[in-house]
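Worksheet: the structure to be examined is printed underneath.
The values are calculated or read from the model by the stated rules, or taken from the named source; none is laboratory data. Because the structure is predicted, anything quoted here is derived from the model rather than measured. Note that each Cβ is placed from the backbone with ideal geometry, even for glycine, and that neighbours are counted across all protein chains shown.
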Amino acid sequence: MQKISGYLAGQLLIAMPQMRDPRFTRTVVYVCAHTADGAMGLVINRMFDGLSFPELLEQIGIEPGAGAEAIRIHFGGPVEGGRGFVLHSTDYVHETTMMVDDNVALTATVDVLKAIAEGNGPRASLLALGYAGWSAGQLDSEIRENAWLNVSADDDLLYGTDVEHKWEQAIHKLGIDFAALSGDAGHA
């Protein structure tokens with residue numbers, strides 16, 4: 001188990017309304033790691049179409065347990081779309097788990113999927129295929145260019161099932177009327 005810390009690790013990125021990259025339009029990204037070497041996060045408000053959790057389990061040879069139908073798969077981002085990640089509460093920790101902060105962890109091994117299928121997984125979780133990644137300095141540059149806002153994460157935004165409204169909920173958490181958001185960066 002390793003602990004990752006960094007400037008925006010554990011925060012949510014909210015795409016500004018003028019986001020030009022269609023892969024990130026109106027997205028909310030949970031930042032799992034942010035260091036001088038780059039950043040990695042998971043989109044938490046887009047669903048992955050075409051694959052159910054029971055089908056995923058069958059593909060990797062795990063017997064789906066009771067409740068497997070209720071688990072939804074998210075589109076985590078455009079990088080390594082075939083790779084799975086589980087963002088989860090810290091009541092489940094495996095030797096390969098990365099602790100993002102005191103409340104949120106990330107596990108990218110089959111062990112967490114087995115635990116979830118058996119009903120022994122974390123209290124709260126979000127399963128995603130793929131991730132969002134930024135090279136060294138890239139995310140910092142995008143923030144300076146007014147592409148992203150950030151806000152602290154909470155369980156409702158991370159694990160809540162109202163995926164369609166997470167972008168608005170994240171903006172409202174900042175106390176901002178999204179109609180008033182401007183794409184123009186300010187200069188002093």
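Say whether the condition of being within 16 Å of the chain's Cα centre (by Cα) and closer than 28 Å to residue 176 by Cβ is met by at least one residue in segment 61-71.
No, every residue in segment 61-71 fails to be within 16 Å of the chain's Cα centre (by Cα) and closer than 28 Å to residue 176 by Cβ.
Looking at (1) more than 11 Å from the chain's Cα centre (by Cα); (2) part of a loop (DSSP other than H, G, I, E, B); (3) at pLDDT 90 or above, which is the only condition residue 77 fails?
(1)
Considering only segment 170-177, I want to know if a residue exists there that is under 21 Å from residue 93 (Cα atoms), at pLDDT below 95 and in a helix (DSSP H, G or I).
Checked segment 170-177: no residue is under 21 Å from residue 93 (Cα atoms), at pLDDT below 95 and in a helix (DSSP H, G or I).
Of everything in segment 1-24, what is polar (S, T, N, Q) and either at pLDDT 95 or above or in a strand (DSSP E or B) (or both)? Give them in sequence order.
If the condition is that a residue be polar (S, T, N, Q) and either at pLDDT 95 or above or in a strand (DSSP E or B) (or both), then 2, 11 are the ones that fit.
In the list 65, 41, which residue meets the criterion of being in contact (Cβ under 8 Å) with a residue 60 or more places away in the chain and either assigned to a strand (DSSP E or B) or surrounded by 14 or more Cβ atoms within 10 Å (Cβ to Cβ) (or both)?
Of 65, 41, the one residue that is in contact (Cβ under 8 Å) with a residue 60 or more places away in the chain and either assigned to a strand (DSSP E or B) or surrounded by 14 or more Cβ atoms within 10 Å (Cβ to Cβ) (or both) is 41.
Give just the number: which of (1) among the aliphatic types (A, V, I, L, M); (2) within 17 Å of the chain's Cα centre (by Cα); (3) loosely packed, with under 15 Cβ neighbours inside 10 Å does residue 29 not satisfy?
Condition not satisfied by residue 29: (3).
Quick one: how many residues across segment 109-163 are in a loop (DSSP other than H, G, I, E, B) and among the polar types (S, T, N, Q)?
Of the residues in that region, 4 qualify.
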